[in-house]
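To start, the structure itself, in structure tokens.
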């Protein structure tokens with residue numbers, strides 16, 4: 001359980017900092033945690049030994065624990081799912097799984113590739129996918145037609 005008695009002025013140790021990745025569905029829950037922490041601080045000031053303060057403390061601890069448990073969940077997608085989401089050809093995704101499995105968090109289970117979505121998105125954001133274009137006067141191009 002999370003001890004909220006040491007929480008000062010609405011800052012919970014279990015809530016991620018601004019800019020850190022958060023599940024979209026956790027947004028309302030995080031707002032609720034902040035609201036309850038504020039109400040709990042007021043309640044503790046007015047009546048520290050009340051049943052309402054104890055009940056709200058218990059609810060707050062359980063909510064923070066549930067959010068922490070959800071944060072530890074990793075989202076793995078199949079190659080087919082990634083194809084539908086990103087539009088990247090299945091053959092390219094399978095090649096990435098086979099040759100860059102560490103970078104994209106790919107694992108094969110019962111013949112199906114599963115990719116860690118967070119690692120895949122990080123790889124796609126940082127990977128150098130640009131193909132350099134050679135100048136038209138490059139002798140390696142041979143008899144290529146020059147573009148107008």
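The modelled label-to-label distance for the pair residue 68/residue 95, using points 7 Å beyond Cα in the direction of Cβ, is 4.5 nm. Taking other C-beta atoms within 10 angstrom as a stand-in for reagent exposure, 40, 75 fall in the order 75, 40, fewest first. Here 85, 67 are placed in order of increasing Cβ neighbour count within 10 Å, fewest first, which gives 85, 67. In terms of its C-alpha gyration tensor, the stretch 76-126 has a rounded overall shape, because the principal axis ratio a/c (a ≥ b ≥ c, square roots of the eigenvalues) stays below 1.5. When 30, 96 are arranged by Cβ crowding within 10 Å, least crowded first, meaning fewest neighbours, the order is 30, 96.
Every number in this text was worked out from the coordinates using simple rules, so none of it is lab data. On a predicted model such as this, the values are computed, not experimentally measured, just so you know. FYI the Cβ positions are ideal-geometry reconstructions off the backbone, even for glycines, and counts take in every protein chain you see.
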